[in-house]
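Step one of this worksheet: look at the structure below.
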Amino acid sequence: MNHHSSRYDVAIVGGGVVGCAIARELSRFELKTVVIEKEAEVGFGTTKSNSGIIHAGHQSPAGTLKGTLEVRGNRMYDRLCEELGFGFSRIGELVVAMVPEDLAVLDELKKLGESRGVPGLEIWDKARLHREEPNLAKNLLGALYAPTAGVINPYEFVFSLIESALANGVTLEIDSPVEKIDTDNHGLTLHTPHKSIQSRFVLNCAGVFADRIAQMAGVGDFSIRPRKGEEYMLDKRLKGLVRRLIFPVPQKTTKGTLIIPTFDGTIMVGPTACDVDDREDLATTYEGSDEIFNFVRRLCPSIGERDTITEFAGLRAVSSTNDFIIGPTKIKGFINVAGIQSPGLTASPAIAEYVVEILKKEGLSLIPKKNFLTHVKGPARFALQHLEAQKELIQKDPRFARVICRCELVTEAEIHEAIDHGARTLDGIKFRSRAGMGRCQGGFCTSRCIDILSKRLNCPPTAITKRGGGSWVIKEMDS
Amino acid sequence: MLGKMEATKWQGKYDVVVVGGGPAGMGAALGARDSGAERILVVDREAEAGGILLQCIHSGFGLHYFKEELTGPEYAERFLKRVLDSNVDVFSNAYVSGVATDSSGIKQVRVMNEKMGVQAIETRSVVLAMGCRERTRGSIRIPGTRPSGIYTAGLAQKFVNMHGYLPGKRIVILGSGDIGLIMARRLALEGCEVKGVFEILPYSNGLTRNIVQCLDDFGIPLHLSTTVARIHGRDRIEKVTVAPVGPGLQPDLSRSWDIDCDTLLLSIGLIPENELSQGLGLALDPVTSGPVVSSTLETSMPGLFACGNVLHVHDLVDFVTQEALLAGRFAGEWAQGVRRPRDNIKLTAGQNVRYCVPQTLAPGREHTIYMRCKEPMKPCVLKVGDLMEKKLRFVVPAEMITLKIKPDLLERFRGDSLEINILPAVGGGSSEEE
């Protein structure tokens, strides 16, 4: 193995949404920054399984860091969306009262939200609720409406963050699990299977593995327990069934099981909340699906298992303090950004600013770049264009007329664009372009995507993977 | 090369436009030609017409229609030759993204193509012939991880027969649909270890001849009333847990066992490709998932017809052809101005009948009714209201039932609804005739 050694100002361990948001924030300054990701692409851990909700900020408990950063983060999304071109829509959310006791909780949540500065909160009575959302269960008693809540595609967001960061000079190391950390007077050295990386500061954004990374650096004062959430994506024939995010009143450990109209219009239901021991336990279960559908039917009776097109699970990184753990440690230069569970996605841009402030306090000098590129180009999204725009696209690039994914109408030009923007795997293409996300789940496009990817990456089709590592897709025939 | 044809001579105005160049689309084009329609266009999204037949390199096609056994590509080639000889235009590498109708009933078919951009093609009638797609993991519930190595049987068939790659080496197949059975044999022939076919129902969903020729002849076990209850593996699938099912098809995990494998193929059913049908707002049949059609195979949109697997899933291509010829003929007649009175008899599925197509009938014409039973039964009697009954040696859900109704039969009928029932034969007393 070729052991290079490079020296950075800041090394970010973990290319999830938090790591990538920080990387982009740091790329505004004259710094040498690296993101070190163990998977084949960024966002392939907890981020890709995220529900994609931008919370309004009235649901996190009072007096928590996550509550503060959640409200700040929410306000940043309009600008981020404009600069980075990911899909974002403030569709609003409703916390619904299922039993009379819930009505008092709605009032409390409203007060809590207002004290944090969440704008536009309204209590809706039963009549208003059913007028606005006629497909909800008729016995729901009322709701708290929060207009600033929204939905994004979490993977699109993280891809655009890293793209912006890379365009502004950040380095990305993929397939690079950190295995050992050395500390000495010059800073910290991170060892991966490919190289050793020296850095003055290390930001521990390692999600469900953050306590292990902290232990490698000799910081053992917290632990992470993964909390699994299963989600079920429903067929787009249900598009429009509900228009806003539908929450029950918050449960003990979570915000409960939700109905999520995703940015793309499909309805998703979930997540469960189940503490697990295995940090790679991404298995869906019979119990999880029963729990979700039994509960969700009480919110919206016409939702059923038969409309599921796919299901998946993700792991929340729940810290032993049950709050975000963000700050310096006893090891000079080693900074934790850990325990980022819900509302981590919402808070991520605010976390990034917060961490930059911490780095400044810790002595990192921040000289703004003169030529910082604020914007990256979002995906073309042929399917969402009007006829005239589609004609124009095809005229410019005939590959827009070649349909690769029939369910989501994704064209060959968009597959190439996904690869141009960093896709290296079938999942990378899927998350960037939506090819394979529809109801046939890749039956039609998989062989086409393999073909294009292998040509573009200049490797045999047998070297293409679903998501890196050992996730090979096809094998050579024995001759 | 099969069906290679560029849109060099398309005219912009047609009598009949057929969406899809598989067996249904080719049959419809020929049917339209037989009706006397002049300008006929087949639009196909692939570089070569022929549809899914092109990847079905096994034999067994054409036994009913040609009375000889052909491979899929051979069957396709025979039809394509007829299509091209009949002066039908074939527009390949083209994708239909919508159909609009103006107030006079003239239709605009929106087509995307690399060379021609987005074009609106004017036509008097349209035949939908887009075929079907396979059900996926998401449409049934298989708990576990989401590694690579889980494919529908048809995708695996495409890997092997069209691209020359294997989906894996140690194979478990869930579902006993015909494509799964065919792939069990295909992969066994390629030296893969096919560990077994698991079927949740107490009977197979494939044709009997495929069970014999693809499993029995290769010593591949078929486990009935058994399903995959969990998928294991992080990056690539490593094993599956299979379990017998109890009442209500719930897996009995106490009797489960694990099987090491690197591939899981799903052959768990086909669904009409209803993307376009849904987009057009056509009335769909909740059982077939295809459009509701009249006795002329016309959908709820006047002048828009449907046939083949986009209408309901067939087990034999011969029947697709038969149905497509009819749909094409009616579409061609429509284009020439023939308007028939609306059907006045509703056809409903009664005991042990899952569905019947078409959903309505009219007196005075011969009809072909396609139907499927819910459960195997033998011997039995098929009854059309009180008008007609036919003794059947057996029925199974895997095999479509075809019933011809003679023109005069409905003349005697005064009601507005006919129920079809499949009932156990009582003491073998029923006659073979109606």
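What follows draws every value from the coordinates through simple rules; no lab data is involved. Small disclaimer: the values here were computed from a predicted structure and weren't measured. Neighbour counts run over all protein chains shown; Cβ positions are idealised from the backbone, glycine included.
Return the single residue from B:THR296, B:THR145, B:THR226 with maximal mean-square fluctuation; model: Gaussian network over chain B, springs between Cα atoms under 10 Å.
B:THR145
Which whole number gives the average count of other chain Cβ atoms within 10 Å of the Cβ atoms across peptide B:226-237?
Working: counts 0, 0, 0, 1, 4, 2, 1, 2, 7, 9, 7, 1.
Per-residue shielding by partner chains comes out at 3.
Mind ranking A:40-48, B:377-385 by how tightly packed they are, going by the mean number of other C-beta atoms within 10 angstrom, highest first?
Numbers: A:40-48: 25.0, B:377-385: 18.8.
Packing order, densest peptide first, comes out as A:40-48, B:377-385.
According to the square roots a ≥ b ≥ c of the eigenvalues of the Cα gyration tensor, what is the shape class of segment A:8-55, taking rounded for a/c under 1.5, prolate for a/b larger than b/c otherwise, and oblate for the remainder? Can you show the working numbers first?
Values: a/c = 3.70, a/b = 1.58, b/c = 2.34.
In terms of gyration-tensor shape, oblate.
What is the sum of charges, Lys and Arg at +1 and Asp and Glu at -1, for the other residues whose Cβ falls under 9 Å from the Cβ of A:SER471? Don't skip to the end; give the middle numbers.
Numbers: positive: A:LYS466, A:ARG467, B:ARG234, B:ARG236; negative: A:ASP427, B:ASP235.
Charge balance in the 9 Å sphere: +2.
Name the residue farthest towards the positive end of the dipole of the protein assembly as shown from the options A:ASN185, B:GLY350, A:LEU238, assuming +1 on Cβ of Lys and Arg, -1 on Cβ of Asp and Glu, about the Cα centre.
A:ASN185
So if I restrict to the alpha-carbon atoms in the protein assembly as shown, what is the Rg, and what is Dmax, the biggest pairwise distance, in Å?
According to the Cα coordinates of the protein assembly as shown, Rg and Dmax are 29.8, 101 Å.
Residue by residue through B:189-199, how many Cβ atoms from other chains fall within 10 Å of the Cβ on average? Let's see the in-between values first.
Numbers: counts 0, 2, 2, 3, 0, 0, 0, 0, 0, 0, 0.
Other-chain Cβ atoms within 10 Å of each residue's Cβ, averaged: 1.
What order, most packed first, do the peptides B:256-267, A:151-162 have when packing is the mean number of other Cβ atoms within 10 Å of each residue? List each step's numbers first, then the result.
Numbers: B:256-267: 21.0, A:151-162: 25.9.
With the highest mean Cβ count within 10 Å placed first, the list reads A:151-162, B:256-267.
On a full-extension model of 0.36 nm per residue, what is the gain between A:ASN185 and A:GLN215, subtracting their alpha-carbon distance, rounded to one decimal in nm?
Numbers: separation 30, 0.36 × 30 = 10.80 nm, distance 1.87 nm.
Value of the extension gain: 8.9 nm.
Please give the charge dipole size of segment A:258-379, origin at the Cα centre, charges +1 on K and R Cβ atoms and -1 on D and E Cβ atoms. Round to the nearest 20 debye. All intermediate terms of the calculation are to be shown ahead of the outcome.
On the way: 12 positive and 16 negative charges, 200 e Å.
With only Lys, Arg, Asp and Glu charged at Cβ, the dipole is about 960 debye.
Please give the calculated 222 nm ellipticity per residue for the protein assembly as shown, where each DSSP H segment of at least 4 residues contributes -39500 (n - 2.57) and the sum is spread over every residue; nearest 500 deg cm²/dmol?
Details: 18 runs with 213 residues, N = 913.
Only helices count here, giving -7000 deg cm²/dmol.
Among A:GLY442, A:PRO398, A:ALA383, flag the residue with its Cα farthest along the positive direction of the charge dipole of segment A:320-479, charges on Cβ as +1 for Lys/Arg and -1 for Asp/Glu.
Comparing the listed Cα positions along the dipole, A:PRO398 ranks first.
About the Cα centre of segment B:38-171, what is the dipole size in debye to 20, counting +1 per Lys and Arg Cβ and -1 per Asp and Glu Cβ, all else neutral?
Details: 18 positive and 14 negative charges, 164 e Å.
Around 780 debye, computed over segment B:38-171.
Could you please report the charge total around A:CYS300, scoring K, R as +1 and D, E as -1 over all other residues with beta-carbon less than 11 angstrom from its beta-carbon? Walk me through the numbers on the way to the answer.
Details: positive: A:LYS138, A:ARG297, A:ARG298; negative: A:GLU133.
Charge balance in the 11 Å sphere: +2.
Considering all projection directions equally, how large on average is the shadow of the alpha-carbon convex hull of segment B:345-424, in square nanometres? List each step's numbers first, then the result.
Numbers: hull surface 17.7 nm².
Value for segment B:345-424: 4.4 nm².
Label segment B:224-290 by shape, choosing from rounded, prolate and oblate, from the square roots a ≥ b ≥ c of the eigenvalues of the Cα gyration tensor; if a/c is under 1.5 it is rounded, and otherwise prolate applies when a/b is larger than b/c, oblate when it is not.
Working: a/c = 4.07, a/b = 1.90, b/c = 2.15.
Oblate.
Where does the charge balance sit around B:GLU193 when Lys and Arg score +1, Asp and Glu -1, over other residues with C-beta under 15 Å from its C-beta? Kindly include the intermediate steps, with their values, before the conclusion.
Numbers: positive: A:LYS475, B:LYS169, B:ARG170, B:ARG185, B:ARG186, B:LYS195, B:LYS239; negative: A:ASP478, B:GLU190, B:GLU238, B:ASP260, B:ASP262.
Around B:GLU193, the charge tally is +2.
Give A:LYS195/A:LYS361; B:LYS107/B:LYS406; A:LYS466/B:LYS239 a once-over and call out the pairs whose C-alpha atoms are over 27 Å from each other. Walk me through the intermediate numbers first.
Details: A:LYS195/A:LYS361 30 Å; B:LYS107/B:LYS406 33 Å; A:LYS466/B:LYS239 18 Å.
Exceeds cut-off: A:LYS195/A:LYS361; B:LYS107/B:LYS406.
Using the per-residue mean of other Cβ atoms lying within 10 Å as a proxy for protection, in what order, highest first, do the peptides B:125-136, A:269-280 fall? Each step should come with its number before you reach the end.
Values: B:125-136: 27.5, A:269-280: 18.3.
Those peptides, ordered most packed to least, come out B:125-136, A:269-280.
Identify the trypsin sites (Lys or Arg not before Pro) of segment B:13-114 meeting these criteria: DSSP loop state and at most 12 other C-beta atoms within 10 Å of the C-beta.
Details: sites: B:LYS13, B:ARG33, B:ARG39, B:ARG45, B:LYS67, B:ARG78, B:LYS81, B:ARG82, B:LYS107, B:ARG110; in loops: B:ARG39, B:ARG45, B:LYS67.
Answer in residue order: B:LYS67.
For peptide B:148-160, compute the average count of partner chain beta-carbon atoms within 10 Å of each residue's beta-carbon.
Values: counts 13, 5, 3, 6, 6, 1, 3, 8, 1, 0, 4, 8, 2.
Rounded to a whole number, the mean comes out at 5.
Per residue of segment A:387-404, in order, report the coupling 6.51 cos²θ - 1.76 cosθ + 1.60 (Karplus, θ = phi - 60°) as ³J(HN,Hα) in whole Hz, putting x for Gly and Pro.
Karplus-based 3J(HN,Hα) across segment A:387-404 equals 3, 5, 5, 5, 4, 5, 4, 5, 5, 6, 9, x, 5, 5, 8, 9, 7, 9 Hz.
Under the classification rounded if a/c is under 1.5, otherwise prolate if a/b is larger than b/c and oblate if not, where does segment A:371-464 fall, given a ≥ b ≥ c as square roots of the Cα gyration tensor eigenvalues?
Details: a/c = 1.69, a/b = 1.17, b/c = 1.44.
The shape class here is oblate.
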